[in-house]
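The values are calculated or read from the model by the stated rules, or taken from the named source; none is laboratory data. No experiment lies behind these values; they were computed from the predicted model shown. With ideal geometry, Cβ positions are generated from the backbone for all residues, glycine too; neighbour counts draw on all protein chains shown.
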């Protein structure tokens, strides 16, 4: 027996009633038929297990329904655990935002009344799957900027753009970890400069790997100038003192 609190439903503004809850229960994973779920009035729902299938374990089936029915999602998205309305009045007139806790960006964007073009998520991998790699790159830059500004720090936006481009240059989101760096480059010194230095050097020596020493990290480790800025050029000029001959005065001098 399920008894609905109609006053609570009205206060919360939920667009549900006994019939919609009955439909949600029948279409859930409880494997209940429609004739086993009956509605009595606007606030009562009676659920009866099928006696033909559970005649020998009726008590166990009742206990299963008792523990599973409270977890049935009757409205909304099952991936979303909470949603609150936030007011942002720091910059001009107040604006209202719906903050959703959970995941399911695609389902949220497809919800009636939600403007998909103004919907964003801080789940970078979900943004990558839903909107693509460029959207994931933009999300990385925005999230890093928000975190830095929240702590009162200012970082040149070009550095953040470079980091986001490095993480998404291979067409997938790669973290700045030993696993992500292993997919970004095959440089031995670059991998050894981050984590597990001895392991990377030992594996490189065992398998006979070579390193062209082209990156910044590799050149810093070996004490060489990085191939950027003034270190980009490889032209060597042997400068010697050159004596210049005195300039001969012209024949026709007007002065």
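Quick notes on this one:
- In region 97-108, of all residues being in contact with a helix residue (DSSP H, G or I) (Cβ under 7 Å, 6 or more places away or on another chain) and surrounded by 17 or more Cβ atoms within 10 Å (Cβ to Cβ), the one that is nearest to residue 165 (Cα to Cα) corresponds to 105.
- Selection within region 4-39 - touching a strand residue (DSSP E or B) at 6+ places or on another chain (Cβ under 6 Å) and farther than 17 Å from residue 73 by Cβ: 38, 39
- Verdict on residue 119 being surrounded by 12 or more Cβ atoms within 10 Å (Cβ to Cβ) and modelled with pLDDT of 80 or more: yes
- Scanning region 12-23 turns up no residue that is loosely packed, with under 13 Cβ neighbours inside 10 Å, under 17 Å from residue 65 (Cα atoms) and in contact (Cβ under 8 Å) with a residue 12 or more places away in the chain.
- Screening 124, 144, 160 for residues that are in contact with a helix residue (DSSP H, G or I) (Cβ under 7 Å, 6 or more places away or on another chain), touching a residue at least 40 places away in the same chain (Cβ under 8 Å) and within 17 Å of residue 176 (Cβ to Cβ) leaves exactly one candidate, 124.
- The helices (runs of 4 or more DSSP H) located wholly in region 129-230 that include 1 or more residues which are surrounded by 12 or more Cβ atoms within 10 Å (Cβ to Cβ) and over 30 Å from the mean Cα position of the chain (by Cα) occupy 197-207, 216-221.
- Scanning region 1-38 for residues that are under 17 Å from residue 61 (Cβ atoms), over 34 Å from the mean Cα position of the chain (by Cα) and not in a strand (DSSP E or B) yields a total of 7.
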